[in-house]
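No lab work stands behind these numbers, since they all come straight from the coordinates. All values derive from a computational prediction rather than experimental measurement. When we count neighbours, we look across all protein chains shown, and the Cβ atoms used for this are built from the backbone with ideal geometry, even at glycine.
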Amino acid sequence: MRYFLRRAGFFAATLWAAVTLNFLIPRLQPGDPAEAIVARLSGRSQAIDPAQVAAVRTMLGAPDGTLLTQYVNYLGAVLRGEFGVSYTYFPYPVTHMIGQALWWTVILVGVTHVLSFAVGTLLGAWAAHRRNTRADSVITLGSTFVGTLPFFWLALMLIYLFAITLNWFPARGGYGPGSNPGWSWIFFSDAFQHSVLPALALLIVGPIGWIIGMRNNMVQTLGEDYARLARAKGLPQRRIALTYGARIAILPNVTGFAMALGGILGGTVLVESIFNYPGLGRMMLDSVTNRDYPLMQALFLFITIGVLLANFLADMLYGVLDPRVRREVAA
Amino acid sequence: MTAELAATEARRATRLPGWLVILWRNRKCRIGLVMLAGFVLVGLLAPGLAPYEPRDDSFDGSLPPGAGHWLGTTARGEDVLSQLIYGARISLVVGLAAGALSTVIALVVGLTSGYLGGLVDEILSFFTNLALVVPVLPLMITLAAYSPVKGLWLIVAVISVTGWAYGARIKRAQIISLRTRDYVTAAKFAGDSTARIIMKEIMPNMTSLVVVGFMGACLGAIGGEAGLAFLGLGDPASVSWGAMLNQANNGGAMLTGQWAWLVAPGLAFAGLMIALTLVNFGVDALSNPHLRED
Amino acid sequence: MALLEVRELSVTYRPRDAAHVHAVDRVGFDVDEGEFVGLLGESGCGKSTLGNAVLRLLDKPAAISGGSVVFDGVDVTHASEEDLRPLRWARISTVFQSSMNALNPVITVGAQFDDAFRAHDAQGDAAALMEMVALDPDVLRRYPHELSGGMRQRAALALALALRPKFVLLDEPTTGLDVVVQRTILDRLRELRAELGFAVLFISHDLGTVMEMADRVMVMYAGEIVEDQPAAAMLTRPLHPYTRGLLGSYADPRAAEVSVDYVPGRPPDLSREQTGCRFRERCPVAVAACATTHPPLAPAGPGAVRCVLGGDLPEAGQARAFSPDRPELTTTAPGEPVVSVREVVKDYRVRRGWRTTVTRAVDRVSFDLRPGRVTALVGQSGSGKTTLARLVTGIERPTSGTVAFGDLDVGGLRGRRLTRYRRHVQIVFQDPFAALNPTRTVGYALARPLRNHLGLGERAAVEKAAELLEAVGLHPAEQYLDKLPHQLSGGQRQRVVIARALAPEPSVLVADEPISMLDVSIRAEILQLLDRLARDRGIAMLYITHDLLSARLLADEVIVLRDGRVVESGPALRVIRHAEHAYTKLLLDSIPTLTRTL
């Protein structure tokens, strides 16, 4: 129980830190942040809508007062879920835009991440089980070298091969011009078609970290005394590999699963921008190019909170899986 | 025998730095070192090797690979090969600088946290854990977007401040295990100062860890730069491989069939990553006897 | 046909980037049904490797390089892993050295019984097995990390007996456990064997336990069996000079006269080609033929010996001996104390969540340390003896009470003044492998205290370091100054550690179990060195140990600690020979006695 409370405490603290970081980043630049942003906006050709200036001010929590009052205002706004109005998609509030993009990313990343984890952990466990054989070296070396290829370049190659040369799948977008988002079979099959290449790109590189991590952990656990004793007990190979190897070796991967989400979401920015996929990543990039600061900040905060939440859940799961931590971490 | 021991022995036998001798003995690592040296040479000699200036756009645009331009030209009419050669510089400089900087941050945080313990450790560990879970690329993008200055050093700074956490955690754990060793207590009883104990008793036992961490940080930094540049958030004044891919993608290289413009930067990048990974194999194997004995 | 037949068995370690080591070299022996055989040897002799080879559990880079192991008619060396499975556990089981790691940390103890039953389609009553080793069946529902070391080891023993095997291989089953816990496990093991009649191969470095438990003892040295005969016969007439040396290193601390032998030197490097007898360089009775003849394991007396002399050891030429030679002390000797410990209490606060629990590690302990005298703190782990050492050296501050060094209150020292105090109080550590920085030379380690505390220049420090090395018996000193720790043997390292402690010319030396990690055959040598240094240099020594024999040999005064309290103290001879407190008697009774088997 103490373990769970501790993790909950850590989650609360990181959450607060992330919110504060989000508050601080725009203030790191010299001068008044609101003026700097407005000045930068006015540098662009079109005239500034006063509403946009107001949006900036909302986002920054009325930057006229002292840093402390700004901070208090900002925290209040965050708690009420007010993140201002996007000025790329004026007059929609930022939260509305995020709500639209969210599901695209959650489904794409969720499915590929879980698949990558499962495939990678299985392959890694298998390589460790057959350690020092040809299968092991093929898996280990192969994944190491694929891992050195730049991820966005792989994505480009996929488009070049499957979309442009073979014309099997659409190259860009989340759905075709002919279908409208809605609960229709046509839309879903169209969206699926469009998600194959981005998912494939994520699935090629996704399992690599799990393969290497799982293999190395499991080779180590299989060398421990308890695994040797399991052999001495004459247990079936399967039982040794699963209960005395994989069962213990998978534990660090469970924590890694959530921690890797941060990196995966980074990869999503790349994937979504390459495939012009209507998720959070592309929205984030667009907000940067359009200097849509309220949207960008809210996105950063959303993504961070999502990752923190996932980490918290993984910690809870870890506590259930590993009987040791329930006591040791607390002690 | 640990890497540190082997390194100490090797240092005593030759005049070369000990870790280099050890690395050279490992076959994979030797290949990596040679490849890496190749990239460094290309980077250093870029002005001599490149047939044209990388920004010279006086040629016909979108030329296919041919005699005058081995890898063709860009949509704007620049020579792809020249850009590729100059691109090595950016990757190497960013990798080296950001790798070194984040290693230094990791070392300072890890050392202070691990050696001092107590409240300092609690606070620093919290920030380390926080930095570990914050999504790096979105943070990089946000930081880069707000920065009033653009340029290579901004990229280096952004990559360094977002990439130190993992190294710091590993180093902290190592310090905690080292600082309670009997020989550290013995050094205290021999009257050595804390600074001397850290430098002379603890650090020599961490060299392989620091080298591994540095190599990892380099890999991460090179990848990070390429990613940022590919997203168009890189240094607008320099031609890096990531920026080349960005332009190739936007410039319709796929539609015009200019495979060289598209493939070459990716392969060059992969080559550099493979070189570093191979070197890392050697360092890793030395510091982790489990991997070595299999 | 014997139950276990080992013939010409060799095991070679082939690490990728180091020389190959022939850890086990053409070893052959039998174990009969129901027989209890001891395998005695020191670290690095190959006894555990041999055990793993018999079980076919060797991991890379070690592999069987020749010979055979036949168990119950099955050739274990060449059987496939699948063919071995029915044999494993059902007929041949094992208990590893007591360690956290022998049980799977993520499943309950009970589950580890169940999978053994299931793998062999056997029905078993795990609860009954637990009761057999005097454990509550409730333990089955718990995880390994929730059990104490002794409980884990008893659970491991119960697990080994789960399928009623004919043969159990015990590899250092009680090493690392407290003497009292060790006693209960050994007694239980003896009873169970009488009841169930399984055969045992008992591997240990501990002469006392092996001699007490085994019917027949094999002695291993440098990868070979050098002697094999019934335990009782070995006690009265060892056939090999090495065995004689080992037996001599053991004595009953309660005897009127106590003297222990040691065998100087270290075992040969097994990565090199061996010629002649492997023990000859340490042998006190070596003859010319030993250099050229590699003797076979030949029958002698009631057993067999691998020696040119064939078991006829000359009376003369015993190994060297250490017998304390000092007037018997009946009262606490006069003389101004250097360090006075008065009524010290040390509490540790352990924070768990919001609650804080206070553990009292040391409870109102008082004693004095006097020049040229040795005070032994005796107790099991957790008795507070190491905490007391930390209080005396100023690493920890007492919660209440005082530690005084002359007029100086040690508990109040900080920073530079603490460093100055440490010039006078130095430590000899337990583990010579951890006490020296692997990346620093012997010369560097010795020069630091000389330069810091005595203010010597570089050259003067080197000269003084060489002097110190000679003083601790590392001769010629020049040869050692540039060595790195891993180039030295355990005994040599401990001498360097002692030399470093002597460097600032301290008046107090705290020796924390300085011989417990060393091989039995060289322990007395280090004790003798400590004894001589304390007497000759007038150093007040605090000797911390769990071992009453060494306390008897080295100390003038003995303080017995239990749970942070002094239960008995006084002159060494009186406390050990005429113990009054029940706990002291329990400690003494727990020591394996060689005479019990006679």
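Around the Cα centre of chain B, unit charges on the Cβ atoms of Lys, Arg, Asp and Glu (plus for the first two, minus for the last two) sum to a dipole of about 920 debye. What is the angle, in °, between the Cα long axis of helix B:207-230 and the longest principal axis of the Cα atoms in chain B? Nearest 10 is fine, range 0 to 90. Taking the Cα atoms of chain B, the angle to B:207-230 is about 30 degrees. Neighbours of C:ASP206, meaning other residues whose beta-carbon lies under 10 angstrom from its beta-carbon, give a summed charge of -2 when Lys and Arg score +1 and Asp and Glu score -1. Per-residue packing, averaged as other Cβ atoms within 10 Å, sorts the ranges A:72-80, C:18-26 into the order C:18-26, A:72-80, beginning with the highest. Annotation: peptides B:108-118, C:411-421, ranked by per-residue average of other Cβ atoms within 10 Å with the highest first, follow the order B:108-118, C:411-421.
The Cβ shell under 11 Å around B:ALA75 holds other residues with a net charge of -2, Lys and Arg each +1, Asp and Glu each -1. With neighbours defined as other Cβ atoms within 10 Å of a residue's Cβ, the residues C:MET132, B:MET199, A:MET97, B:MET244 order from fewest to most as B:MET199, C:MET132, A:MET97, B:MET244. Site pair C:ARG420 and C:ALA404 shows an inter-label distance of 1.9 nm when each label is modelled 7 Å from Cα along Cα→Cβ. Annotation for segment C:552-580 versus segment B:208-264: alpha-carbon center distance of 74 Å. Other protein chain C-beta atoms within 10 Å of residue C-beta, averaged over A:262-269: 5. For the peptides C:178-188, C:519-529, residues were scored by their other Cβ atoms within 10 Å and the scores averaged per peptide; the highest-first order is C:519-529, C:178-188. Computed about the Cα centre, the dipole magnitude for segment C:121-214 is approximately 100 debye when only Lys and Arg (+1) and Asp and Glu (-1) carry charge, each at its Cβ. Put the Cα centre of segment B:90-106 next to the Cα centre of segment C:33-93 and the gap is 52 Å. Put +1 on the Cβ of every Lys and Arg and -1 on every Asp and Glu Cβ in the protein assembly as shown; which of A:SER116, A:GLY84, A:HIS194 then has its Cα farthest towards the positive end of the dipole? Final value for the positive-end residue is A:GLY84. Sequence-ordered 3J(HN,Hα) estimates for segment C:568-584 from the Karplus curve with 6.51, -1.76 and 1.60 and θ = phi - 60° stand at 7, 8, x, x, 3, 4, 5, 4, 7, 7, 10, 4, 9, 7, 4, 5, 4 Hz, glycine and proline given as x.
Please go through segment C:201-297 and write out the GluC sites (Glu not before Pro) that DSSP classes as loop and that have at most 11 other C-beta atoms within 10 Å. Of the GluC sites (Glu not before Pro), the ones in loops of segment C:201-297 whose Cβ has at most 11 other Cβ atoms within 10 Å are C:GLU257, C:GLU273. With a 10 Å cut-off around each Cβ of B:173-182, the average count of Cβ atoms from other chains is 2.
Can you list the aspartates and glutamates whose alpha carbon sits under 14 Å from that of C:LYS464, skipping same-chain ones fewer than 8 residues off? Excluding near neighbours in sequence, the set is C:GLU478, C:GLU505. Less than 5 angstrom separates the built amide H of C:MET218 from those of C:GLY38, C:LEU39, C:LEU40, all sequence-distant by 5 or more or on a different chain. Lacking any other cysteine beta-carbon closer than 4.7 Å, the following Cys residues of the protein assembly as shown have no compatible partner: B:CYS29, B:CYS218, C:CYS45, C:CYS283, C:CYS307. Legend: mean number of C-beta atoms from other chains within 10 angstrom of residue C-beta atoms, peptide C:102-110, equals 5. Note on chain C: with charges restricted to the Cβ of Lys and Arg (+1) and Asp and Glu (-1), its dipole about the Cα centre is near 2340 debye.
For segment B:134-156 versus segment C:443-490, the inter-centroid distance based on Cα atoms is 54 Å.
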